[in-house]
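Below is one structure, written out as structure tokens, with a few remarks after it.
The values are calculated or read from the model by the stated rules, or taken from the named source; none is laboratory data. All values derive from a computational prediction rather than experimental measurement. Note that we place each Cβ from the backbone using ideal geometry, even for glycine, and neighbour counts take in every protein chain shown. Note: accessible area is taken over every heavy atom of the protein model, side chains too, but ligands, DNA and RNA are not part of it. Shrake-Rupley method; radii C 1.70, N 1.55, O 1.52, S 1.80 Å.
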Amino acid sequence: MKNVCNCVWSSRLKRVATLAAAGLIMSLPLSSQDDEEEDEEVVYELSPFEVSGPSTGGYRATSTLSATRIRTKLGATVGGAQDIRYLRNLIDEGIIPSPASFTAEGLFSEHDLPIGGDAKEGWLFDIASQATSFESAAQPKVDILAQLGFVSGIDATTFKPAPLNLVAVVDKSGSMSGDPLELVRKSLRQVVSQLGSDDQLSIVLYGSSTHIHLEPTKTSTENRDQIIASIDRIQSHGSTAMEAGLELGYQVARQSADAFVGKTRVMLFTDERPNVGRTDATGFMAMAESGSKSDIGLTTIGVGVHFGAELAEKISSVRGGNLFFFDDDESMETTFRKELDTMVLELAYDMSLKVTPAEGFFLSGLYGIPGDAVTWADDGSLSLEIATLFASRNKGAIYLGFDRTAQATESLPHTSLIATAEISYQQADNNLTRQSSLPIFLTPKRDLQEGIIKGQYLVDQYASMKLAALLYESGEYQSAAQIAKTFARKSLPFPDKKLEIERKLASELAQQLAKDCKSRGLSLADSPQTRASQANILEGEWIEADSGFLDSPREILRFTKNQTVELFSTTDENPLTFISESEFSLNKRSILFENWGRTLRYRLKGAILSLREGDITTNYIRKSGLAAAEETTLMKRLQDSVGGLPDQEEIALLSRS
């Protein structure tokens, strides 16, 4: 399909004479349907690690908490939002959630995403990679998704977490009366039942006043009745003074840590959103940061209220910080019963990860990283910092999207280098610093592991549902419903109970958005508005990639809001020559140029539009200044936002092209 001009100029012999002499006119016919299968797209994921041990393995220690049996696989998740339970509740109640309710790391942490591989001897974990194709209507720039897994070197038969010195800081203000405070009492009773004789518990209460309700007490068998009775005596009263309560909690933590052999952690229970904006020494974040320097971690528990992704990102940016949300007895009991030992188990600190794309590729998406740790460099590389990696029975994940540059070949052999990943971290158990480097290649389909296969579905789910929420918030109700509907029809990669829950969640959101459109008198059935919205992804100006031949004519395609396309030719001597125009329409794979009677196969990835005729592909680069200025569409900007891309990503892409 070299090139569009050849499709148009066959009826314009006078205009074509010059180009015909150059041998640029093709006589290959185009059918309305291309029988070839669409080229596979490729996926890169980066996922935290797993701990392996024999199926009969386990370990024993004097502490019940430390002696909790480790299964054959134990994973790690980044600090931050540890689930999307609040989002699920909203959708279950028929409420269209806000975009802030969607966190990729929260979704991924609820799933087991193993990657396989071995760590170097003596290392806590090392990195391994998987890569395969990826396709998502919500993330058209992502052609390759990579999973970079943190594979564990922990021996599950000998690993012994340190005893826990836990300081519970409880909000007992008036707003916590009734069910919220009873949920806290049940939580604390569950915690006590799982702590061992080498662990200890303190309780600080705050309302109108702040005081120590339970002095540091070993959770031995002889002390359990006393501790439970103390928990039962917690009553609601007064207003809220969170900073004062947290300050006393850290004071107790520091004092008790001096005589305690093990790890110390503050666990805050509240229904009030912490004020993370204060910058003074007694502010929430300042106390958390100061505590982390004293090796005191912070777990924040939202009781009956969800704090949102922003707060989770703030908390997880502090070493040893994470956040959970409990809305009912069942969710609380399940989490504490199954995850208490891991939710307080810090595995590594100050992890630094750098991913550098190989020549011919660029980063086009990032999923599963909380906070402002990501830095995009001028050379196209991405660096990120994670303050704390926590243990988890699931394998939370980090995913990276890649795409090809204009010069990269359409076919990609498995021997092609996609990127290089470099990692460093400090082990929590011995403070040793580890550094490793790993090349990322495509993985043969027969070797794909469960983590990457599930990841294809989960990344698309996160991107589609969050994009739908962003579009809805922006008043693009039909586009929101269409994106949600497209994903809801997606098949599961294989039977899986947890993925089936996600499929039902996506289906419920799609139904709610469709119902909302109906209530507004809007139709989703391939309406003119929907077709126009699809066509708008091409809006702007596209110039044919340089062939390398001196003064070789290049084409310019200018797609307008009115679903018309104008065709120009450009050379050094004649910068802009108008050729023709046509109305156009497009579906997922093809563009129909109605006035020219041609249908071309297309592929849109970021700033590159590929048009194909037969086995010949021509690339066009989005560019402004010759025929009209490029206009960035709302859809594109929101897609970039969901993909975690920097504002100037396309500018950097064009300079690299």
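Take region 176-202 and flag every residue that is under 15 Å from Gly302 (Cβ atoms) and open to solvent by 30 Å² or more (accessible area, probe 1.4 Å).
Selection gives Asp179, Pro180.
Just one of the numbered conditions (1) open to solvent by 70 Å² or more (accessible area, probe 1.4 Å); (2) assigned to a loop (DSSP other than H, G, I, E, B); (3) modelled with pLDDT under 80 is not true of Glu385; which one?
Going through the list (1) open to solvent by 70 Å² or more (accessible area, probe 1.4 Å); (2) assigned to a loop (DSSP other than H, G, I, E, B); (3) modelled with pLDDT under 80, Glu385 breaks only (2).
Just checking, how many residues over region 290-320 are of a type outside the set (Ser, Thr, Tyr), at pLDDT 85 or above and touching a strand residue (DSSP E or B) at 6+ places or on another chain (Cβ under 9 Å)?
Of the residues in region 290-320, 6 are of a type outside the set (Ser, Thr, Tyr), at pLDDT 85 or above and touching a strand residue (DSSP E or B) at 6+ places or on another chain (Cβ under 9 Å).
Does Leu248 meet the test of being assigned to a strand (DSSP E or B) and either of a type in the set (A, V, I, L, M) or buried (at least 21 other Cβ atoms within 10 Å of the Cβ) (or both)?
no
Return a yes/no flag: does region 87-94 have any residue that is buried (at least 22 other Cβ atoms within 10 Å of the Cβ) and under 27 Å from Leu347 (Cα atoms).
no
Among the residues of region 572-605, how many are crowded, with 18+ Cβ neighbours inside 10 Å, of a type in the set (Phe, Trp, Tyr) and in a strand (DSSP E or B)?
Selection size over region 572-605: 3.
Are any residues in region 106-122 of a type outside the set (Gly, Ala, Ser) and open to solvent by 30 Å² or more (accessible area, probe 1.4 Å), and if so, which ones?
Across region 106-122, the qualifying residues are Glu110, Asp112, Asp118, Lys120, Glu121.
Test each condition in (1) assigned to a helix (DSSP H, G or I); (2) touching a Pro at 6+ places or on another chain (Cβ under 8 Å); (3) at pLDDT below 85 for Gly106 and report the one that comes out false.
(2)
What are the residues in region 440-464 that are buried (at least 19 other Cβ atoms within 10 Å of the Cβ) and either free of Cβ contacts under 8 Å to residues at least 40 places away in the same chain or polar (S, T, N, Q) (or both), if any?
Scanning region 440-464 gives Thr443, Gln449, Gln456, Gln461, Ser464.
Any residue that is at pLDDT 75 or above, part of a loop (DSSP other than H, G, I, E, B) and under 23 Å from Ser98 (Cβ atoms) - is there at least one of those in region 351-365?
no
Could you tell me which numbered condition Asp516 fails, if it satisfies all but one of (1) part of a helix (DSSP H, G or I); (2) open to solvent by 10 Å² or more (accessible area, probe 1.4 Å); (3) at pLDDT below 85?
Unmet for Asp516, out of (1) part of a helix (DSSP H, G or I); (2) open to solvent by 10 Å² or more (accessible area, probe 1.4 Å); (3) at pLDDT below 85: (3).
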